[in-house]
1. In terms of Cα to Cα distance under 29 Å, which lysines are near enough to K11, apart from those fewer than 8 places away along the same chain?
2. Using just the helices of the chain, give the 222 nm mean residue ellipticity in deg cm²/dmol: DSSP H runs with n ≥ 4 each add -39,500 (n - 2.57), and the total is spread over all residues, rounded to 500.
3. At a 10 Å Cβ-Cβ cut-off, how would you order L44, L62, fewest neighbours first?
4. What is the sum of charges, Lys and Arg at +1 and Asp and Glu at -1, for the other residues whose Cβ falls under 13 Å from the Cβ of K11?
5. The list [x] 3, 14, 24, 22, 19, 11, 5, 1, 1, 0; [y] 3, 16, 21, 20, 15, 10, 7, 4, 3, 2, 0, 0; [z] 3, 10, 11, 12, 9, 8, 7, 7, 6, 5, 4, 5, 5, 5, 2, 0 gives values of P(r) over Cα pairs in 5 Å bins from 0, in percent, and only one came from this structure; which label was calculated from it?
6. In the neighborhood of F64, defined by Cβ-to-Cβ distances under 12 Å, what is the net charge if each Lys or Arg adds +1 and each Asp or Glu adds -1?
7. For helix 2-11, report the angle its Cα long axis makes with the longest principal axis of the Cα atoms of the chain; keep it between 0 and 90° and round to the nearest 10°.
8. At R0 = 25 Å, how high is the FRET efficiency between I33 and D80 if r is their beta carbon distance? Nearest 0.05 is fine.
Amino acid sequence: MEVDAICEAHKLNETVTHSLCVSRMDSKSPFVILSPCGICQERLFHWGYDVEVAVTNTENQLVFKALKSLMPYHWYHAFD
C-alpha cells in the first residue's frame, strides 16, 4: 500500500517528508511498524535523503530516522 501512496504523491507533485508502514498478521494481532523495504527507500529518495521514515527501536518505540541514516553507503553520495 505504501507504493500506491508514494506513486500518488509523485503524480500529484506533492512532497513526501515522512513515511510510515503499519502491518499486522490478522485483524486480532497487534499493529507493528515496519521500516521501508529497499525498493520503497529508493522511491522515497525522489524527495531527498532527508525524508524521515518510521522504524522501531529495541524498546519497541516508534522513532523516525532520515533515509540517509538507513542507507549510509547509498549511491546518492556520488552526487553530493
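1. Of all the lysines, those that pass the test against K11 - Cα under 29 Å, at least 8 places apart if same chain - are K65, K68.
2. Rounded to the nearest 500, the figure is -6500 deg cm²/dmol.
3. By the 10 Å Cβ count, ascending, the order reads L62, L44.
4. On the way: positive: R43; negative: D4, E8, E14.
Cβ neighbours under 13 Å give a net charge of -2.
5. [x]
6. Details: positive: K65; negative: D50, E52.
Neighbour charge sum, excluding F64 itself: -1.
7. Taking Cα atoms only, the helix is inclined about 40 degrees.
8. Efficiency, from the Cβ-Cβ distance: 0.25.
Since every read-out is calculated from the coordinates, none of them should be taken as a lab result. Just so it is clear, the structure is predicted and the values come from calculations on it, not from any experiment. Note that each Cβ is placed from the backbone with ideal geometry, even for glycine, and that neighbours are counted across all protein chains shown.
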